[in-house]
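For reference, the structure is listed below as structure tokens.
The values are calculated or read from the model by the stated rules, or taken from the named source; none is laboratory data. Keep in mind the model is a prediction, meaning the values are calculated, not measured. Every residue, glycine as well, gets a Cβ built from its backbone with ideal geometry; the counts of neighbours run over all protein chains shown.
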Amino acid sequence: MTKKRIFLVAIIIFALITTGVCIKTAVSEVDIPGKELFEEVQLFADAITLISADYVKQVNPKDLIYGAIRGMVSTLDGYSQFLDPDGFTEMKEETQGQFGGLGMEIGMREGVLTVIAPIDDTPAFKAGVKAGDLIVKIEDEITRDITIDGAIKKLRGEPGTKITITVFRKKTSKMIEITITRDIIKLKSLKEVKVIEDNIGYIRLIEFQERTSKDMGRAIKDLKKEGAENLIVDIRNNPGGLLDSAVETSEYFLEKGDLVVYTEGRDPGKRVEFRAQEECLTEGMGVIVIVDGGSASAAEILAGAIMDNKRGLVLGEVTFGKGSVQTVVPLRDNSALRLTTAAYYTPSGKSLMEKGIEPDIIVELKSIDKNMPENKDIFDDIEEKDKKSDDEDDSNIWQKDSQITAAVNILKGINAFGKCRSFHRGDK
């Protein structure tokens, strides 16, 4: 081995040691197989030395290292990701509620680039992208072997520019070409907060961001002031977001001490439990959570916590099944690793990895309005009052949505049954 190669191996080994120490400090103590790892590092060093010395063009060392890290991460799972400094900055902007792009959460499922969910009111949502769509082409490039990081870079771009993706939709077994115009994505964690009928409150929860739990708490209090005695929480096409936000939001529906979710990582003995600590804001209210195939991750935590603690009913379609926790670990040059560090489980011990939550009541979405396009949000119609005839009742626009209609009817039935029982007990 030449002196140059020995020196390079020493540098790489030192870097791996120090990086390992940083990760152990930031995440948790893990066992790294030292001897085996360092033997394999020599192979890695040989490859870098060969490329640096003999490749037809001079290569930036950082590009090599970044490429190597991306390659390592791509062998793990569909959600772990290496973020270069620009990507890390964009990710932080996204969790704060504003970023540029198409407006859809993506991941890898069985090695295929998959839409977890299009986010409400974004270009992807309006163009008809659906949860579960397999992205087989971006422009004219097949996505075979593409990484999450690589896909995000191709999909994002200047606002106003167009991009065409080709998706395979399993439900129809069809290839569909969709052209989307990029835009600045500004997200509110809650879209709709209103009393829709018979003292039934409705909240559309779009994504779990830093401010979501505060927004949710304020929304519940406002609805109660308006007379809401029951509540529908709509988390369809909610791709998830921050774990802490999901836990804090779930607390509003549970009693103190109730288990919200727990996680288990590499060591099954290191189980981490998250329990409700805040005041329950929905005590005495009937609660129904509406879900679909685009409800994922943090959204599944909320649905699972309410279902398993028997605090309400879950209605709709089977959720996406993203039951893993990603920890973002900043690296020394402002890049970061988004690493899957644990799987999460509902209070009853159900793992959501690849399975999702099966609702208490299965109701498929069927638009009663035949003229309503795919992914049309029925509440968007309320903002177009000037286009409607005077005799059309905007307050009942939710009746065009079969899942909301079913939730309303169930809550009406529960309320009527409760009054009936109370009446007969009074007779006695």
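Structure data summary
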| read-out | value |
| --- | --- |
| Qualifying residue in region 261-280 (condition: among the hydroxyl-bearing types (Ser, Thr, Tyr) and surrounded by 20 or more Cβ atoms within 10 Å (Cβ to Cβ)) | no |
| Residue tally, condition farther than 21 Å from residue 114 by Cβ and not in a helix (DSSP H, G or I), over region 297-327 | 8 |
| Condition broken by residue 180, with the remaining ones in (1) under 30 Å from residue 142 (Cα atoms); (2) modelled with pLDDT under 95; (3) out of contact with any Asp or Glu (no Cβ under 8 Å at 6 or more places or on another chain) satisfied | (2) |
| Region 47-79, residues that are within 30 Å of residue 343 (Cβ to Cβ), in a loop (DSSP other than H, G, I, E, B), touching a helix residue (DSSP H, G or I) at 6+ places or on another chain (Cβ under 9 Å) and of a type in the set (A, V, I, L, M) | none |
| Region 255-294: number of residues that are part of a loop (DSSP other than H, G, I, E, B) and closer than 26 Å to residue 415 by Cβ | 11 |
| Answer residue from region 169-225, given it is of a type in the set (Asp, Glu) and in a strand (DSSP E or B) and is nearest to residue 287 (Cα to Cα) among those | 197 |
| Condition broken by residue 237, with the remaining ones in (1) outside any strand (DSSP E or B); (2) within 24 Å of residue 278 (Cβ to Cβ) satisfied | (2) |
| Selection within region 229-250 - surrounded by 24 or more Cβ atoms within 10 Å (Cβ to Cβ) and over 15 Å from residue 326 (Cβ atoms) | 230, 231, 232, 233, 234, 235, 236, 237, 238, 249, 250 |
| Long-range neighbours under 7 Å by Cβ, at least six apart or interchain, first residue assigned by TED's automatic domain parsing to the domain that holds residue 113 within region 169-180, second surrounded by 12 or more Cβ atoms within 10 Å (Cβ to Cβ) and in a loop (DSSP other than H, G, I, E, B) | 169/130; 169/133; 170/132; 178/128; 178/129; 180/102 |
| Top-ranked residue of region 181-214 - restricted to ones that are of a type in the set (A, V, I, L, M) and free of Cβ contacts under 8 Å to residues at least 60 places away in the same chain, ranked as surrounded by the most Cβ atoms within 10 Å (Cβ to Cβ) | 203 |
| Residue among 152, 135, 146 that alone is part of a strand (DSSP E or B), touching a residue at least 24 places away in the same chain (Cβ under 8 Å) and not charged (D, E, K, R) | 135 |
| Residue among 90, 40 that is surrounded by 16 or more Cβ atoms within 10 Å (Cβ to Cβ), within 37 Å of the chain's Cα centre (by Cα) and acidic (Asp, Glu) | 90 |
| Qualifying positions in region 328-349 - part of a loop (DSSP other than H, G, I, E, B) and of a type in the set (A, V, I, L, M) | 331 |
| Filter result for the condition that a residue is touching a helix residue (DSSP H, G or I) at 6+ places or on another chain (Cβ under 8 Å), on the phi < 0 side of the Ramachandran plot and not aliphatic (A, V, I, L, M), over 323, 293, 304 | 323 |
| Some residue of region 52-63 being of a type in the set (Val, Ile, Thr), in contact (Cβ under 8 Å) with a residue 12 or more places away in the chain and surrounded by fewer than 15 Cβ atoms within 10 Å (Cβ to Cβ) | no |
| Selection count, region 293-304, where residues are over 16 Å from residue 203 (Cβ atoms) and either β-branched (Val, Ile, Thr) or crowded, with 24+ Cβ neighbours inside 10 Å (or both) | 6 |
